[in-house]
Amino acid sequence: MKHDLLGLKDLSAEEIMNILKTAQTMKLIIEQPNKKTPHLQGKTVVNLFYENSTRTRLSFELAAKYMSANAANITASGSSVQKGETLIDTAETINAMGTDILVMRHSMSGAPHIIAPLISASVINAGDGMNEHPTQALLDMLTILEKKGGFKGLKVAIVGDIYHSRVVRSNIYGLTKLGAEVSVGGPSTLMPQGIEQMGVKVFNTVHEAIVDADVVMGLRIQLERQKKGLFPSVREYHRFFGIDEKRLKFAKPDALVMHPGPVNRGVEFSTSVIDGDQSVINEQVTNGVAVRMAVMYMLSRGGFATVEE
């Protein structure tokens, strides 16, 4: 039976922790001068990206290569998708070439869930529409685990464009399962209806959301959505919802500053906060490679039920 990673909604707290523990082991490999291991030797990993990506795609590619897998990248703009080939036909073609792991990013929510039952390769969701981005949330949680030692009782504030963010949904699923308290904050026009039903506290001001927070996570304001008039201007957004050093003081003095990237400097965070001592944004990038190594390795070994040494 093959295993997939389609989202954190369906994973247990134990499975999530197993991935994080395995990722800690994988991080040791990244820190070595020689990063080559035989963990996925003879396996083939294909990155199928229907949306642009720098961090996620490169992270998966490096993770595969560090573990000696054969890695290939396909973008929609340079594939038969431009000739009218359907998503299902594309995935089945890639599968027929002996692919072991298919990493997929798509603008349609649920796209990986459609593909996974149809192919023999393990499918990893690298972001689907406004649904989930499980490996991003896992790398966020690995960063928190390293810095805070656990999750129970932690207050995590996530602020910004909550409505369009697949990252926030995966983080809410994962963090609440691990015992953290999650608050979300941002403009009411960027807050999805009913999100409190996911077990979070909802605030329409940023300072209320981040009061006494152990972690402050910013989300990218998707400037391409600005044409819809969801907030007056970028300058106005930063004035009322952006986090600078003064506003950050509402959080705990040792609060972590996090962001999934790419960051709009001077919009979600001021430059002084991004480059400040509390920021762990670059460490998140390193942890992204470790998490993706762990996920691919564990999928190739039968899933997330046990910790792989």
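The condition of being over 18 Å from Met130 (Cα atoms), open to solvent by 50 Å² or more (accessible area, probe 1.4 Å) and touching a residue at least 12 places away in the same chain (Cβ under 8 Å) holds for Lys177. Each residue in the range 2-22 was checked for being part of a loop (DSSP other than H, G, I, E, B) and touching a residue at least 12 places away in the same chain (Cβ under 8 Å), and 9 pass. For the range 134-150, a tally of residues being in contact with a helix residue (DSSP H, G or I) (Cβ under 9 Å, 6 or more places away or on another chain), open to solvent by 10 Å² or more (accessible area, probe 1.4 Å) and not charged (D, E, K, R) returns 3.
Restricting attention to the range 14-50 and to residues that are over 17 Å from the mean Cα position of the chain (by Cα) and among the hydrophobic types (A, V, I, L, M, F, W, C), the residue that is nearest to Thr86 (Cα to Cα) turns out to be Val46. The residues in the range 261-296 that are in contact (Cβ under 8 Å) with a residue 60 or more places away in the chain, in a helix (DSSP H, G or I) and either in contact with a Phe, Trp or Tyr (Cβ under 7 Å, 6 or more places away or on another chain) or buried (at least 22 other Cβ atoms within 10 Å of the Cβ) (or both) can be counted, and the count is 11. Does the range 151-166 include one or more residues that are open to solvent by 10 Å² or more (accessible area, probe 1.4 Å) and within 18 Å of Val289 (Cβ to Cβ)? Taking every residue of the range 151-166 in turn, none turns out to be open to solvent by 10 Å² or more (accessible area, probe 1.4 Å) and within 18 Å of Val289 (Cβ to Cβ). The set of residues from the range 180-204 being of a type in the set (S, T, N, Q) and open to solvent by less than 50 Å² (accessible area, probe 1.4 Å) comprises just one member, Ser183.
The values are calculated or read from the model by the stated rules, or taken from the named source; none is laboratory data. All values reported here derive from a predicted model rather than from experimental measurement. When we count neighbours, we look across all protein chains shown, and the Cβ atoms used for this are built from the backbone with ideal geometry, even at glycine. Areas reflect the complete protein model, heavy atoms only, side chains present, ligands, DNA and RNA absent. Shrake-Rupley method; radii C 1.70, N 1.55, O 1.52, S 1.80 Å.
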